[in-house]
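K.L.:
Structure incoming, see below.
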Amino acid sequence: MRVVLCTLNSSFTHSSLALRYLRAAIKTDWLDNHLLEFQTKDDLRRVIAELGRLQPDVIAFSCYIWNITATLAVATDLKAVLPNVQIILGGPEVGPRAQELLVDYPAVNFIVEGEGEQALPKLLAAISEHREPHAIAGVSYRGADGSINKAPAERIDPAQVPRPYLREELPELNNKLVYYESSRGCPFRCSYCLSGNDQVRFFPLERVFSELKLLLDANIPLIKFVDRTFNCDPQRALAIMQFLVAERRDSRFHFEICADILTDELMDWLATVPPGVFQFEIGVQSVNTATLAAIGRRMQWDKLANNVQRLRRLGNIHLHLDLIAGLPFQDWTAIQTSFDQVIALKPHMLQLGFLKVLPGTRMAEQVQEHGLKVSTLPPYEVLATNWLSFAELNRLQLMEQLLQYYYNSGLMLYSLPYVWSKLAVSPFQWFEQLAQHWEATGLHAVAHGREALIAHMETY
């Protein structure tokens, strides 16, 4: 039986960690397996041709908000020309929608919810034996009578998860961003996040060191840890970071961390890290107390601010801070307060994101309660709330674009504080006024190069 594992990445530089776990899980029993990665911007006709050329018996797609629309189109067309191929969908985008997708898309035969390393081998065995996959944890399927059958997903013991990377397979990752996880789950229970339902489970530290040594020996340019809160165990985080610095050649590392739980021991050691080796992404989301309570997020703002300022003074770690617009109890004043307080910490990058109401999250159950108007298209972004109108969120979208142009790009990173002081406006007010100017002059509707952006400042 020929099995193809496939996904459409958002960029050529990205690679799929999920597919490599699955390949490791099935390769012993299913020797005729193939891993194919495309991009969402690829010509889908070519994607279909490449998959069809392999004449697969089974295709398993890894699905996310950025590729689900294209993936469903590919699956539907493939089924039309290869009617006997069995199509499996897995990933965070499809598990919570299994019933809906199996009803609406006849081309899809099976959906795997949750972790697939144990479910997929069992499902492949059932397919090869021409039997229904009764009671395989996490598998939903359309029965012979047309009914939808579903078995609840189960959490996997990390010790039972196969290793995703092997030395002989590393050449396929040349010039790629490589993802790695040393744990699964999250200690927080944020209502908008799928990881909020998953307790933290750590991979054995010896295994982590062994796998990372393999990647470091290959001199991977950038390794991005996808642990939801990398430093939730400070001592473990310190041990892994120390290993990385000691064993690296040219590799750099990206972590998602919680800044208010950084310990003094870890902070003191971070001062010794060579410049440019670490990148920290810190999810602030909001400083509004009512908002944090509504989404179930714990955060000590004073500690977070002090630690970020301390890291900024060190100057050796790239700091990327996140805010989310559209959260409950977050009106225009609240988003302004959050924006101004976070940008005052002088992060190298400030991301103003927008709430995405993901299927399967607690937030998806609170849509009416919070008056959320949500796009029906992935990534299910909020269009209006009880606290922010459609027009206000549109204005914030433009302000986010201007933030990218003038702050995150570094174009006016050092001159902007002078401008804000000279004009006696807050950063948020300045971006708001600039957005109004762009809308009034039509600048928001056209593309801009670097020189044009500077010229616009001269006339503003």
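K.L.:
Might you check whether a residue that is at pLDDT 95 or above, open to solvent by less than 20 Å² (accessible area, probe 1.4 Å), out of contact with any Phe, Trp or Tyr (no Cβ under 7 Å at 6 or more places or on another chain) and farther than 30 Å from Ala293 by Cα occurs anywhere in segment 179-197?
P.N.:
There is no residue in segment 179-197 that is at pLDDT 95 or above, open to solvent by less than 20 Å² (accessible area, probe 1.4 Å), out of contact with any Phe, Trp or Tyr (no Cβ under 7 Å at 6 or more places or on another chain) and farther than 30 Å from Ala293 by Cα.
K.L.:
Now for a different question. Take segment 271-300 and flag every residue that is in a loop (DSSP other than H, G, I, E, B) and polar (S, T, N, Q).
P.N.:
Within segment 271-300, Thr272, Ser286, Asn288, Gln300 meet the criteria.
K.L.:
Kindly evaluate Asn175 against the criterion of being over 20 Å from Cys63 (Cβ atoms), under 24 Å from the mean Cα position of the chain (by Cα) and modelled with pLDDT under 95.
P.N.:
Against the criterion (over 20 Å from Cys63 (Cβ atoms), under 24 Å from the mean Cα position of the chain (by Cα) and modelled with pLDDT under 95), Asn175 qualifies.
K.L.:
Looking only at residues that are open to solvent by 20 Å² or more (accessible area, probe 1.4 Å), touching a helix residue (DSSP H, G or I) at 6+ places or on another chain (Cβ under 9 Å) and of a type in the set (A, V, I, L, M) in segment 80-97, which one is farthest from Glu132 (Cα to Cα)?
P.N.:
Only one residue fits best here, namely Val81.
K.L.:
Could you give me the residue pairs with C-beta distances under 6 Å whose first residue belongs to segment 98-114 and is crowded, with 23+ Cβ neighbours inside 10 Å, whose second residue is among the aromatic types (Phe, Trp, Tyr) wherever it lies, and which are 6+ apart or on separate chains?
P.N.:
Going by the 6 Å Cβ cut-off, the qualifying pairs are Phe110/Tyr141.
K.L.:
If you go through segment 225-258, how many residues are open to solvent by 50 Å² or more (accessible area, probe 1.4 Å) and part of a strand (DSSP E or B)?
P.N.:
Total meeting the criteria: 2.
K.L.:
How many residues, within segment 62-84, are over 20 Å from the mean Cα position of the chain (by Cα), outside any helix (DSSP H, G or I) and hydrophobic (A, V, I, L, M, F, W, C)?
P.N.:
Summing the residues that are over 20 Å from the mean Cα position of the chain (by Cα), outside any helix (DSSP H, G or I) and hydrophobic (A, V, I, L, M, F, W, C) in segment 62-84 gives 1.
K.L.:
Look through segment 259-282, keep the residues that are within 25 Å of Pro221 (Cβ to Cβ) and in contact with a Phe, Trp or Tyr (Cβ under 9 Å, 6 or more places away or on another chain), and return whichever of them is surrounded by the most Cβ atoms within 10 Å (Cβ to Cβ).
P.N.:
Phe280
Yes/no matrix, rows are residues, columns are (1) assigned to a loop (DSSP other than H, G, I, E, B); (2) open to solvent by 60 Å² or more (accessible area, probe 1.4 Å); (3) under 30 Å from Glu369 (Cβ atoms); (4) polar (S, T, N, Q):
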residue: Trp387; (1), (2), (3), (4): yes, yes, yes, no
residue: Ala391; (1), (2), (3), (4): no, yes, yes, no
residue: Asn394; (1), (2), (3), (4): no, yes, yes, yes
residue: Met399; (1), (2), (3), (4): no, no, yes, no
residue: Gly410; (1), (2), (3), (4): yes, no, no, no
residue: Tyr414; (1), (2), (3), (4): yes, yes, no, no
residue: Pro417; (1), (2), (3), (4): no, yes, no, no
residue: Trp420; (1), (2), (3), (4): no, no, no, no
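K.L.:
OK, next. Enumerate the pairs (first residue in segment 295-317 and touching a residue at least 12 places away in the same chain (Cβ under 8 Å); second residue anywhere and open to solvent by 70 Å² or more (accessible area, probe 1.4 Å)) with beta-carbon separation below 6 Å, excluding pairs fewer than 6 apart on the same chain, so at least 6 apart or on different chains.
P.N.:
So the pair list comes out as Gly296/Arg189; Arg312/Lys346; Asn316/Pro275.
K.L.:
Tally the residues that are open to solvent by 40 Å² or more (accessible area, probe 1.4 Å) and without any contact (Cβ under 8 Å) to a residue 40 or more places away in the chain, restricting the search to segment 151-171.
P.N.:
Taking segment 151-171 as the starting set, the residues that turn out to be open to solvent by 40 Å² or more (accessible area, probe 1.4 Å) are 152-155, 157, 159-160, 163, 166-168, 171.
Subset that is without any contact (Cβ under 8 Å) to a residue 40 or more places away in the chain: 152, 168, 171.
Selection size over segment 151-171: 3.
K.L.:
Can I ask one more? Are any of the residues in segment 410-427 closer than 30 Å to Ala293 by Cβ, aromatic (Phe, Trp, Tyr) and either at pLDDT 95 or above or out of contact with any helix residue (DSSP H, G or I) (no Cβ under 8 Å at 6 or more places or on another chain) (or both)?
P.N.:
no
K.L.:
Filter segment 135-147 for residues that are over 32 Å from the mean Cα position of the chain (by Cα), open to solvent by 40 Å² or more (accessible area, probe 1.4 Å) and not charged (D, E, K, R) and give the result. Steps first, please.
P.N.:
If we filter segment 135-147 for residues that are over 32 Å from the mean Cα position of the chain (by Cα), which is where we start, we get 143-147.
From what is left, the residues that are open to solvent by 40 Å² or more (accessible area, probe 1.4 Å) are 144-147.
Ala144, Gly146, Ser147, listed by residue number.
K.L.:
I want to confirm something. Restricting to segment 306-336 and keeping residues that are more than 24 Å from the chain's Cα centre (by Cα) and of a type in the set (Gly, Ala, Ser), which single residue is modelled with the highest pLDDT?
P.N.:
By that ranking, first place goes to Ala334.
K.L.:
Looking at segment 1-25, which of its residues are part of a helix (DSSP H, G or I), touching a residue at least 60 places away in the same chain (Cβ under 8 Å) and of a type in the set (A, V, I, L, M, F, W, C)?
P.N.:
Leu17, Ala18, Leu22, Ala24, Ala25, listed by residue number.
K.L.:
Any idea how many residues of segment 167-204 are among the hydrophobic types (A, V, I, L, M, F, W, C) and more than 21 Å from Phe38 (Cα to Cα)?
P.N.:
Start the filter on segment 167-204 by keeping residues that are among the hydrophobic types (A, V, I, L, M, F, W, C), which leaves 170, 173, 177-178, 186, 188, 190, 193-194, 200, 202-203.
This time we only want the ones that are more than 21 Å from Phe38 (Cα to Cα), so: 186, 188, 190, 193-194, 200, 202-203.
Qualifying residue count, segment 167-204: 8.
K.L.:
Taking the options Thr13, Thr40, Thr69, name whichever one is open to solvent by 50 Å² or more (accessible area, probe 1.4 Å), of a type in the set (Val, Ile, Thr) and modelled with pLDDT of 95 or more.
P.N.:
None of the other options fit; the residue is Thr69.
K.L.:
Among the residues of segment 113-129, is there at least one that is more than 26 Å from the chain's Cα centre (by Cα), more than 23 Å from Arg184 (Cβ to Cβ) and assigned to a loop (DSSP other than H, G, I, E, B)?
P.N.:
So far as segment 113-129 goes, yes, one or more of its residues are more than 26 Å from the chain's Cα centre (by Cα), more than 23 Å from Arg184 (Cβ to Cβ) and assigned to a loop (DSSP other than H, G, I, E, B).
K.L.:
State all residues of segment 422-454 that are farther than 25 Å from Ala344 by Cβ, open to solvent by less than 40 Å² (accessible area, probe 1.4 Å) and in a helix (DSSP H, G or I); if no residue qualifies, say none.
P.N.:
Answer for segment 422-454, where residues must be farther than 25 Å from Ala344 by Cβ, open to solvent by less than 40 Å² (accessible area, probe 1.4 Å) and in a helix (DSSP H, G or I): Leu443, Ala452.
K.L.:
While we're looking at this one, here's another question. What residue, among those in segment 203-220 that are outside any helix (DSSP H, G or I) and out of contact with any Asp or Glu (no Cβ under 7 Å at 6 or more places or on another chain), is nearest to Leu166 (Cα to Cα)?
P.N.:
Per the stated criteria, the residue is Ala218.
K.L.:
Is there a residue in segment 154-174 that is β-branched (Val, Ile, Thr) and either outside any loop (DSSP other than H, G, I, E, B) or at positive phi (or both)?
P.N.:
Looking for residues that are β-branched (Val, Ile, Thr) and either outside any loop (DSSP other than H, G, I, E, B) or at positive phi (or both), one finds none in segment 154-174, hence no.
The values are calculated or read from the model by the stated rules, or taken from the named source; none is laboratory data. Note that the coordinates shown come from a computational prediction; the quantities given were computed from them, not determined experimentally. All Cβ positions, even for glycine, are placed from backbone atoms using ideal geometry, and neighbour counts span all protein chains on display. Just the protein is used for accessible areas: all its heavy atoms, side chains included, with ligands, DNA and RNA removed. Shrake-Rupley method; radii C 1.70, N 1.55, O 1.52, S 1.80 Å.
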